[in-house]
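One structure is given below, represented as structure tokens, and several questions about it will come after.
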């Protein structure tokens, strides 16, 4: 596949569906070369379509060797890396802590936290070594990093940890022109929101179920693209985009 040698280069993890798919397509439409990473090759191919600047690299972000392969292949194909959208994630068990098995806990953190760390580490290493140095890492957090849903302990803990990862990366990257920001998204219309029953009746803190508003995933992708479009002299450290009227401010 012939790629545009003058384009900006990006990696999107979890690119086979939902927010990852929308962001990957937004970056491609903006002229980026984009490596699409995810566990399902068919889903990655559906995201890429016929776009000439898309490269599909099946990757399980929870596996160190798979992440290293992803970044090595991107280095060989693209020559440098300008943006990582660190997006791959799972919601994990919907249960109180006393009902969560160790395997469920570790499985959620393996993808949401360790996977994000492995990808950020590889991106940091490449951005530090390349000439000119620098780049941008955007972590997909969640509004659960601020206020949890009921029965979401593994997911919530993992997203609180992403906030720490974001701040540490941005601090440690200063000397090398590496910036890091976080987007926290509330109730965009994705498969995970359907699984939580947001559009049919999501569990609330008082035990009720309530239909919650959602917004199109393309709008979240626009915010990520805006973050990526800023010059190196500016960084959005943290930003929230919420469905209007959703029960977040005053949740509980």
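The values are calculated or read from the model by the stated rules, or taken from the named source; none is laboratory data. Fair warning: this is a prediction, and the values are worked out from it, not measured in the lab. Here the Cβ is made from the backbone with ideal geometry for all residues, glycine too, and neighbour counts use every protein chain on show.
So which residues in segment 33-71 are assigned to a loop (DSSP other than H, G, I, E, B) and either over 22 Å from residue 185 (Cβ atoms) or in contact with a helix residue (DSSP H, G or I) (Cβ under 8 Å, 6 or more places away or on another chain) (or both)?
49, 50, 51, 52, 53, 59, 60, 61, 62, 63, listed by residue number.
Taking the condition surrounded by 13 or more Cβ atoms within 10 Å (Cβ to Cβ) and without any contact (Cβ under 8 Å) to a residue 40 or more places away in the chain, does residue 213 pass?
Considered against the rule, which asks whether it is surrounded by 13 or more Cβ atoms within 10 Å (Cβ to Cβ) and without any contact (Cβ under 8 Å) to a residue 40 or more places away in the chain, residue 213 comes out as yes.
Just checking, which of 77, 21 is within 18 Å of the chain's Cα centre (by Cα) and either in a helix (DSSP H, G or I) or surrounded by fewer than 18 Cβ atoms within 10 Å (Cβ to Cβ) (or both)?
Only one candidate passes the filter, namely 21.
While we're on this one: State all residues of segment 152-201 that are part of a loop (DSSP other than H, G, I, E, B), in contact with a strand residue (DSSP E or B) (Cβ under 7 Å, 6 or more places away or on another chain) and at pLDDT 95 or above; if no residue qualifies, say none.
Residue satisfying the conditions is 173 alone.
Identify all residues within segment 221-252 that are outside any loop (DSSP other than H, G, I, E, B), over 30 Å from residue 175 (Cβ atoms) and touching a helix residue (DSSP H, G or I) at 6+ places or on another chain (Cβ under 6 Å); write none if there are none.
Filtering segment 221-252 down to residues outside any loop (DSSP other than H, G, I, E, B) leaves 221-229, 238-242.
Then drop every residue that is not over 30 Å from residue 175 (Cβ atoms), which leaves 221-222, 241-242.
Those that are outside any loop (DSSP other than H, G, I, E, B), over 30 Å from residue 175 (Cβ atoms) and touching a helix residue (DSSP H, G or I) at 6+ places or on another chain (Cβ under 6 Å): 221, 241.
Taking segment 31-47 as the region of interest, how many residues are surrounded by 21 or more Cβ atoms within 10 Å (Cβ to Cβ) and more than 24 Å from residue 121 (Cβ to Cβ)?
Adding up the residues that qualify gives 1.
Now, a different point. Going through segment 95-125 one residue at a time, which ones are touching a strand residue (DSSP E or B) at 6+ places or on another chain (Cβ under 8 Å) and either without any contact (Cβ under 8 Å) to a residue 60 or more places away in the chain or more than 23 Å from residue 194 (Cβ to Cβ) (or both)?
Looking only at segment 95-125, we keep the residues that are touching a strand residue (DSSP E or B) at 6+ places or on another chain (Cβ under 8 Å), and these are 115-116, 119-120, 123-124.
Within segment 95-125, 116, 119, 120, 123, 124 meet the criteria.
Against the condition closer than 20 Å to residue 162 by Cα and under 13 Å from the mean Cα position of the chain (by Cα), how does residue 67 come out, does it pass? Spell out how you get there, then give the answer.
On the way: closer than 20 Å to residue 162 by Cα: yes; under 13 Å from the mean Cα position of the chain (by Cα): no.
It is false that residue 67 is closer than 20 Å to residue 162 by Cα and under 13 Å from the mean Cα position of the chain (by Cα).
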